[in-house]
Amino acid sequence: MGYGGQRLEEFLNVLASSAPVPGGGSVAALAGALGASLLTMVGEITMGKKKPEDKTPIEEALKALEPMRGRFTELIDEDAASFEKVMAAFKLAKEDESQQQARKAAIEEATIGAAAAPLETARTAVAALEAGAALAEHGSRSAVSDVACGALCLEVSARAAGYNIRINLAGIENADERARFEGGLAEIEKKLAELARVRERAEERLG
């Protein structure tokens, strides 16, 4: 069983231990799963209260959010696994030039993978926020605080994932790969600034 399938208490105990995984990247994915789940809950509550002609934006939001919850759960494990590969690469033999070159290549490949997992987490969080806009505007008034909480969780997910991308960038030598991740980070930051309106709209309705 992976970390994503553990009971919450078990996961937290491992997280609080000296074990290097799971770490911040997995927590970023967990925050995303929590945020997407909260927004889904609001959608389900709202569907029971809306007239048929008013359900379309909520149905579309729910359709978009459903696969994201599962993807976030997968990313909890994928992030941990990617860092385990980095640690394994650093433990490779380096007694001669051939081994040193092989080790260097393995570290580079593993570090790129360790940046790729949080990049997907951040992009998934942004997509979930985009879906949540309809819930901030049309979600049940009685659950608008949950929209705000869910949106905040997704913002945290994306920003926490960004920290994990940045720390891995320092270990990537390939200029094209560095540029790809830097561009991805810049895009995420731009979208997060725009999507703050989702939480802010929920806060307005909250009063």
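The values are calculated or read from the model by the stated rules, or taken from the named source; none is laboratory data. Computed from a predicted structure; not experimentally measured. As a convention, Cβ positions derive from the backbone with ideal geometry for all residues, glycine included, and neighbour counts pool all protein chains shown.
Check whether at least one residue in the stretch 20-38 is surrounded by fewer than 14 Cβ atoms within 10 Å (Cβ to Cβ) and either of a type outside the set (A, V, I, L, M) or under 22 Å from the mean Cα position of the chain (by Cα) (or both), and report yes or no. The answer is yes, given that some residue of the stretch 20-38 is surrounded by fewer than 14 Cβ atoms within 10 Å (Cβ to Cβ) and either of a type outside the set (A, V, I, L, M) or under 22 Å from the mean Cα position of the chain (by Cα) (or both).
Being surrounded by fewer than 22 Cβ atoms within 10 Å (Cβ to Cβ) and assigned to a helix (DSSP H, G or I) is true of Glu109. The requirement of being among the hydroxyl-bearing types (Ser, Thr, Tyr) and more than 18 Å from Val126 (Cβ to Cβ) is satisfied by Thr46. Residues that are of a type in the set (Gly, Ala, Ser), loosely packed, with under 14 Cβ neighbours inside 10 Å and either under 16 Å from Ser82 (Cβ atoms) or over 18 Å from the mean Cα position of the chain (by Cα) (or both) within the stretch 159-191 comprise Ala170, Ala175, Ala179, listed in sequence order. Considering the stretch 54-74, and only residues there that are crowded, with 16+ Cβ neighbours inside 10 Å and either outside any helix (DSSP H, G or I) or over 21 Å from the mean Cα position of the chain (by Cα) (or both), the residue that is modelled with the lowest pLDDT turns out to be Lys55. When the criteria are applied in full, Asp54 fails the requirement of being over 21 Å from His138 (Cα atoms) and either of a type outside the set (A, V, I, L, M) or in contact (Cβ under 8 Å) with a residue 40 or more places away in the chain (or both).
Can you tell me which condition Leu39 does not meet? The list is (1) at pLDDT 95 or above; (2) over 15 Å from Asp146 (Cα atoms), and all the others hold. Unmet for Leu39, out of (1) at pLDDT 95 or above; (2) over 15 Å from Asp146 (Cα atoms): (2). The residue that is modelled with the highest pLDDT, counting only those in the stretch 134-193 that are polar (S, T, N, Q) and outside any helix (DSSP H, G or I), is Asn174.
Here Ala89 fulfils each of the conditions (1) surrounded by 14 or more Cβ atoms within 10 Å (Cβ to Cβ); (2) under 30 Å from Ala148 (Cα atoms) apart from (2). So, of the residues in the stretch 192-207 that are crowded, with 16+ Cβ neighbours inside 10 Å and not charged (D, E, K, R), which turns out to be nearest to Gly139 (Cα to Cα)? Among them, the one singled out is Ala202. Tell me whether the stretch 44-53 contains one or more residues that are part of a helix (DSSP H, G or I), of a type outside the set (Asp, Glu) and either surrounded by 18 or more Cβ atoms within 10 Å (Cβ to Cβ) or within 22 Å of the chain's Cα centre (by Cα) (or both). Checked against the condition, which is being part of a helix (DSSP H, G or I), of a type outside the set (Asp, Glu) and either surrounded by 18 or more Cβ atoms within 10 Å (Cβ to Cβ) or within 22 Å of the chain's Cα centre (by Cα) (or both), the stretch 44-53 yields at least one hit. With respect to the stated conditions, Ser98 fails to be under 27 Å from Ile167 (Cβ atoms) and in a helix (DSSP H, G or I). For first residues located in the stretch 111-139 and more than 26 Å from Ala175 (Cα to Cα), partners that are not in a helix (DSSP H, G or I) and lie 6+ apart or on another chain with Cβ distances below 8 Å form the pairs His138/Lys50. Examine the stretch 193-207 for a residue that is more than 20 Å from Met41 (Cβ to Cβ) and aliphatic (A, V, I, L, M), and state whether such a residue exists. Yes; the residues of the stretch 193-207 include at least one that is more than 20 Å from Met41 (Cβ to Cβ) and aliphatic (A, V, I, L, M).
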